[in-house]
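Q: Quick one: this structure, given as structure tokens, is what I'll be asking you about.
The values are calculated or read from the model by the stated rules, or taken from the named source; none is laboratory data. Here the structure is a predicted model, which is why all the values come from computation and not from measurement. Cβ: placed from backbone, ideal geometry, glycine included. Neighbour counts: every protein chain shown. Surface areas here come from the heavy atoms of the whole protein model, side chains and all, with no ligands, DNA or RNA. Shrake-Rupley method; radii C 1.70, N 1.55, O 1.52, S 1.80 Å.
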Amino acid sequence: MTFSSLALKNIHRNFKNYLLYIFSVTIAITFYYIFCSIKYNSKIMFASDTSLKFLVIMNMSSVVLVLFSAVFIWYCNAFFTKKRKKEVALYTLLGVPKKRVARMLFFENMLVMVLSLTLGILIGILFSKFFMMLVLKLMEIPVEVGFSVPFQAVLDTGIIFVILFVIASFHSASLIYRFQIIELFSASKKVEQEPKTSFILSIASILCLGVGYYLSQHMLNQHLALIALAVLILVILGTFGLFSSVVVTFTKTLKRFEGFYYKGDHLIAVSNIVYRIKTHARTLALIAILSATTLTAFGVCYSFFFNYDQSTHERYPHSYIYQYDDLSQDNEIAPAFINAIENSGHPLVYDYQIEVSYVPVEIVSAGSKSDAVDNFALDAQRDAWFISESTANLYLKSHHLNEISVPQGEFIAMDPYAARGWYSYSSIKQIYTSNQTTHDLKITDVLPYYLTSQMEPPIYIMNDESYNHLNSPLKTYFHAYTVQNDKSVKQLEADLGTIINKYDGVKLHSFYRTYISLGDMKGLMLFAGIFMGIVFLILTGSILYFKMINEAEEDQPKYTIMRKIGYSHPMIKQAIYKQMAAMFTLPIILGILHSLFALRAFESLMTSSLITPILISVGMYIFIYLCFYLLTVQYYYRTAISGK
């Protein structure tokens, strides 16, 4: 029998183990090819208004997918090699040279590679047009694409995954040179000892998670980057400590409650968890962290896509607004703007003028938190923007909001950062200077709106009488316009830009310009987030599946003894269900918990709610892992009972 035929026979004999591996790798190859085919499609590139950002997102997605696939292929090759160590030892004992055995293992891996690569590319080619149409739909680009097979996409996919498989295969084949025969025979025979627990390490792990979670909800200050890094480190340390110490301590504590421990199948389930949880600690912790990252990325991408229109309108509340200092300029620009808008086919919704006074403001004292001073939004001394109550009500009325009334001596701030809790005006005392006299700047309420655009500083509203007595020598003016359907005003944008360019010192802010800067990217980000998330969850679920089935084969003799001493099949099956439930639910629960705190932190940076993306991503996560759980339980039970 030749080694090629022997390799084929080995794959056929172990095909049920290889099947999930081939399926998972094929999914990764399929999506990598699809990303490449989209990236190399010239029609999509030319149609995108931000082709450079398009390439950046596609390249980053491809790199992340390759890195994760590399880890998965490396792990799975090591897993299958470990399962074959006895077989390798037998070949060596029969006098087969190690070099030829290594060649056989390498050939097996190459066969799996060819099968996975062929299936992945073929499936990718088959569905590439569908996914291109989906991307164009999400990006809102009205371009028809035909069926095509970009040679560069096939070449890139083939080269990348051939390299990954070859490296992993060389590593697997090298194992037979690094072990003696006796070591290969005893590779799966390990004397298990009850893991030791550390109360101090358990407490430290819980503290790491608690402090990390707390800091994640208090990051909004000038130390944002440093705190984010601290949160990342604390959560990772806490996660690994939780699985290696806290869970072990908890399950060992359960053994002390004899009424619970000796009831039914609890003895089997708890004992197996105690002995195996520490062995799987690194894998479970890694799965929890990767799952949290996937859920968070999906939640952010989903929110960015579905809330992009709303959030852009909130940051740029007018279709167009220009700033000027010379009133005579507006007398010339305004008629030209109105004429261009009337000829554009986009009816005018409103237009009005805004007068802003620059008034010196100083923070004279801060509370114990000093949060407004420490944050990025407020300087201790600055020229603040003051507007009248009438001007503010013009804005509120045009946006169908409730109008306000400002009492004498009080102020209302238009400050989205303060409204979202980044800082509080109640913790500081500010004064402003008017007519060479200082006055208290008493903020009684905060409105979560931008008056002109996101680029403005906090604005303070006072009643009309007080505003008229400011006598500020420094003023600036704005003229705001809003038109219908301002997401498709490309020609109007060019016409108005031509008008503004004739006047020095006049600045134009445009909703459309901001919207298109990332508008088509929101769909691409959602596409990448969804499908990369699915691939990650499938690959991490596969890793956990391989861990458990390897454990089932090692535990098969133990379950044989249990049946001989009187344990029934239903009792063993229930114990396996509970044991597998613990192995799958612990990383799921912790991954979801991590992502909830991360998304809550992101929510404080965004103007929209993340409840919907959280529910969708968690539901998808639970569904995929439930499938892996049921598959694992069935295989584990069959192996434990029959050894097959």
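Q: So what J values fall out for region 287-303 if you push phi through Karplus, 6.51 cos²θ - 1.76 cosθ + 1.60 with θ = phi - 60°, rounded to Hz, Gly and Pro as x?
A: In residue order, the calculated couplings are 5, 4, 5, 5, 5, 4, 4, 5, 4, 5, 4, 5, x, 5, 4, 4, 5 Hz.
Q: Which shape class applies to region 284-361: rounded if a/c is under 1.5, otherwise prolate when a/b exceeds b/c and oblate if not, where a ≥ b ≥ c are the square roots of the Cα gyration tensor eigenvalues?
A: Oblate shape, in that a/c is at least 1.5 and b/c is the bigger or equal ratio.
Q: How large is the accessible surface per residue of region 462-570, computed with a 1.4 Å probe and reported in Å² as a whole number?
A: Here the per-residue accessible area is 42 Å².
Q: Output ³J(HN,Hα) for region 413-424: one whole-Hz value per residue in order, computed from phi by the Karplus curve 6.51 cos²θ - 1.76 cosθ + 1.60 with θ = phi - 60°, and x for Gly and Pro.
A: Karplus-based 3J(HN,Hα) across region 413-424 equals 8, 9, 8, x, 5, 5, 5, 8, x, 5, 7, 10 Hz.
Q: Which entries of Lys137/Lys522; Lys39/Lys522; Lys39/Lys137; Lys397/Lys429; Lys429/Lys475; Lys475/Lys507 have Cα-Cα distances beyond 20 Å here?
A: In this structure, Lys397/Lys429; Lys429/Lys475 exceed 20 Å between Cα atoms.
Q: Between Leu155 and Leu201, how high is the FRET efficiency from 1/(1 + (r/R0)^6) when r is the Cβ-Cβ distance and R₀ = 51 Å? Nearest 0.05.
A: Working from the Cβ atoms, E equals 0.55.
Q: Moving on. Under a plain spin-label model, where a point goes 7 Å from the Cα along Cα-to-Cβ, how far apart in nm are Val211 and Lys442?
A: 4.3 nm
Q: Still on this structure, I have one more. Could you work out how much longer the chain between Asn435 and Ala581 gets when fully extended? Use 0.36 nm per residue separation minus the Cα distance between them, nm to one decimal.
A: Separation in residues times 0.36 nm, less the Cα-Cα distance, equals 45.3 nm.
Q: To continue, here is another question. Between Ser328 and Val364, with labels modelled 7 Å along Cα→Cβ, what's the label distance in nm to one decimal, could you check?
A: Roughly 4.2 nm, to one decimal.
Q: Also, I was wondering about something else. Ranked by accessible surface with a 1.4 Å probe, highest first, in what order do Glu410, Glu108 come?
A: Greatest to least solvent exposure: Glu410, Glu108.
Q: Leaving out ligands, DNA and RNA, what percent of the accessible area of region 399-464 is carbon and sulfur, probe 1.4 Å?
A: On region 399-464, the fraction of accessible area on carbon and sulfur atoms equals 47 percent.
Q: Then there is this: Could you check the spin-label model distance between Ile622 and Arg100? Points 7 Å from the Cα along Cα→Cβ, value in nm.
A: 5.6 nm
Q: Not counting ligands, DNA or RNA, and with a 1.4 Å probe, what is His569's accessible surface area in Å² rounded to the nearest 10?
A: 80 Å²
Q: Test of understanding: what is the full-extension gain from Phe306 to Lys129, defined as 0.36 nm times their sequence separation minus their Cα-Cα distance?
A: Length difference between fully extended and current span is 61.3 nm.
Q: Please arrange Leu115, Leu136 by accessible surface area, largest first, computed with a 1.4 Å probe and ligands excluded.
A: Sorted descending by solvent-accessible area, the residues read Leu115, Leu136.
Q: On alpha-carbon atoms, Rg over Rh for region 489-558 using Kirkwood Rh?
A: Ratio value, two decimals: 1.58.
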